[in-house]
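The structure under discussion appears below in the form of structure tokens.
The values are calculated or read from the model by the stated rules, or taken from the named source; none is laboratory data. Nothing here was measured: the structure is a model prediction, and the numbers come from that model. Note: ideal-geometry Cβ built from the backbone for every residue, glycine included; neighbour counts use all protein chains shown. Just the protein is used for accessible areas: all its heavy atoms, side chains included, with ligands, DNA and RNA removed. Shrake-Rupley method; radii C 1.70, N 1.55, O 1.52, S 1.80 Å.
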Amino acid sequence: MAESFNPFSLEGKTILVTGASSGIGRGIAIACSKMGARVVVNGRSQERLQQTMAQMEGEGHIMAAADLTSDAEMTAMVASLPVLNGIVHCAGVGERKLCKQIEPSDISLLMIPNFNAPVLLQKEILTKKKISKQASVVFVASIAPFDPTPGNAVYSASKGALIGYANCLAVELAPRLIRVNCICPAMIWTDLIFKGGLTEEELHEDEKTYPLRRYGRPEDVANAAIFLLSDASSWMTGSCMKITGGKLIG
């Protein structure tokens, strides 16, 4: 009997997932392991990364604890990496502040981890030749730049900047057949959504306004990441995949 055809398989691929110690990043790391990938999990907390690895399938996974906002820690981590077939930039933070209240420290609080860190990490990976030809780079962005809400200006700007950067990176890496795409989720049930100041009850009421009647879950984003990391998306680069549960976004 012929082997079953699965264009979404990640067998034989080594994939780095940042922000893998919780939330969406953890969900992506676990899902990638189930699809056969060897996964390098990154986060700041070794304890939480170990919790992620305990839920992963397969063998040969690597824990790479590092604070990506620290140049020294990031550089050391990249030096230790194997050559990668895929990267998921998922690490990030959220915070809300009205435009009239924004201070320079608020900008740094979000822009450094959400934009500077993945950009500089990607640069280090490229210059140290830690990525293979025909690899796939995925940035977990947000629908926030397309769906403005009060208090979300700096976060929206950080994710909008990331999308703009990813589009340029896609053009630059296309000659090497390295694909670069973004995933832009709407509300996902992780600890991050409680940063907005709404109670769990209020969030449950809001999710009823989505056509599919719920917020997303980490596995919803993970399945999209698997598609973008796999050969199934081999003719897809410079795209921004919106995952919104049917919510219309501009």
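Can you go through E124, E202 and tell me which one is charged (D, E, K, R), without any contact (Cβ under 8 Å) to a residue 12 or more places away in the chain and out of contact with any Phe, Trp or Tyr (no Cβ under 7 Å at 6 or more places or on another chain)? Before you say what the answer is, go through the steps one by one.
On the way: E124 fails: without any contact (Cβ under 8 Å) to a residue 12 or more places away in the chain.
Exactly one residue qualifies, and that residue is E202.
Picking from A64, A20, which residue would you name as being aliphatic (A, V, I, L, M), open to solvent by less than 20 Å² (accessible area, probe 1.4 Å), modelled with pLDDT of 95 or more and part of a strand (DSSP E or B)? Talk me through it step by step, then tell me what you get.
Numbers: A20 fails: part of a strand (DSSP E or B).
The conditions single out A64.
Is it true that some residue in region 208-221 is in contact with a Cys (Cβ under 8 Å, 6 or more places away or on another chain), modelled with pLDDT of 95 or more and either surrounded by 14 or more Cβ atoms within 10 Å (Cβ to Cβ) or more than 15 Å from I143 (Cβ to Cβ) (or both)?
Residues of region 208-221 that are in contact with a Cys (Cβ under 8 Å, 6 or more places away or on another chain), as a first pass: none.
Scanning region 208-221, I find no residue that is in contact with a Cys (Cβ under 8 Å, 6 or more places away or on another chain), modelled with pLDDT of 95 or more and either surrounded by 14 or more Cβ atoms within 10 Å (Cβ to Cβ) or more than 15 Å from I143 (Cβ to Cβ) (or both), so the answer is no.
Yes or no, residue by residue, for (1) modelled with pLDDT of 95 or more; (2) not hydrophobic (A, V, I, L, M, F, W, C):
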| position | (1), (2) |
| --- | --- |
| E3 | no, yes |
| G12 | yes, yes |
| A37 | yes, no |
| Q46 | yes, yes |
| G60 | yes, yes |
| M74 | yes, no |
| M77 | yes, no |
| A91 | yes, no |
| G94 | no, yes |
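Test A225 against the criterion of being out of contact with any strand residue (DSSP E or B) (no Cβ under 9 Å at 6 or more places or on another chain), of a type outside the set (F, W, Y) and open to solvent by less than 70 Å² (accessible area, probe 1.4 Å), and give yes or no. Let's see the steps before the verdict.
Values: out of contact with any strand residue (DSSP E or B) (no Cβ under 9 Å at 6 or more places or on another chain): no; of a type outside the set (F, W, Y): yes; open to solvent by less than 70 Å² (accessible area, probe 1.4 Å): yes.
No, not satisfied.
Name the residue, out of S156, S136, S45, that is in contact (Cβ under 8 Å) with a residue 12 or more places away in the chain, more than 18 Å from I178 (Cα to Cα) and touching a strand residue (DSSP E or B) at 6+ places or on another chain (Cβ under 9 Å). Break it down stepwise before answering.
Values: S156 fails: touching a strand residue (DSSP E or B) at 6+ places or on another chain (Cβ under 9 Å); S136 fails: more than 18 Å from I178 (Cα to Cα).
It is S45.
Give the residues of region 70-94 that are surrounded by 15 or more Cβ atoms within 10 Å (Cβ to Cβ) and part of a loop (DSSP other than H, G, I, E, B), sorted by residue number.
L81, C90, A91, G92, V93, G94, listed by residue number.
Cβ contacts < 6 Å: first residue under 22 Å from A31 (Cα atoms), restricted to region 53-70; second residue hydroxyl-bearing (S, T, Y), any location; separation 6+ or different chain. Result?
Hits for this filter: M56/S33; E57/S33; G58/S33.
Filter region 159-203 for residues that are of a type in the set (K, R) and in a helix (DSSP H, G or I); which is farthest from M111 (Cα to Cα)? Talk me through it step by step, then tell me what you get.
Pass one, region 159-203, residues of a type in the set (K, R): 159, 176, 179, 195.
Narrowing further to those that are in a helix (DSSP H, G or I): 159, 176, 195.
Numbers: K159: 9, R176: 29, K195: 16 Å.
My answer is R176.
Return the total of residues in region 204-228 being part of a helix (DSSP H, G or I) and not aromatic (F, W, Y). Lay out the reasoning, then the answer.
Quick first cut of region 204-228, residues part of a helix (DSSP H, G or I) only: 204-207, 218-228.
If we keep only those that are not aromatic (F, W, Y) too, we end up with 204-207, 218-226, 228.
Selection size over region 204-228: 14.
Please list, ordered by first then second residue, the pairs with beta carbon atoms under 8 Å, 6 or more apart or interchain, first in region 208-227 and aromatic (F, W, Y), second open to solvent by 80 Å² or more (accessible area, probe 1.4 Å).
F227/F8
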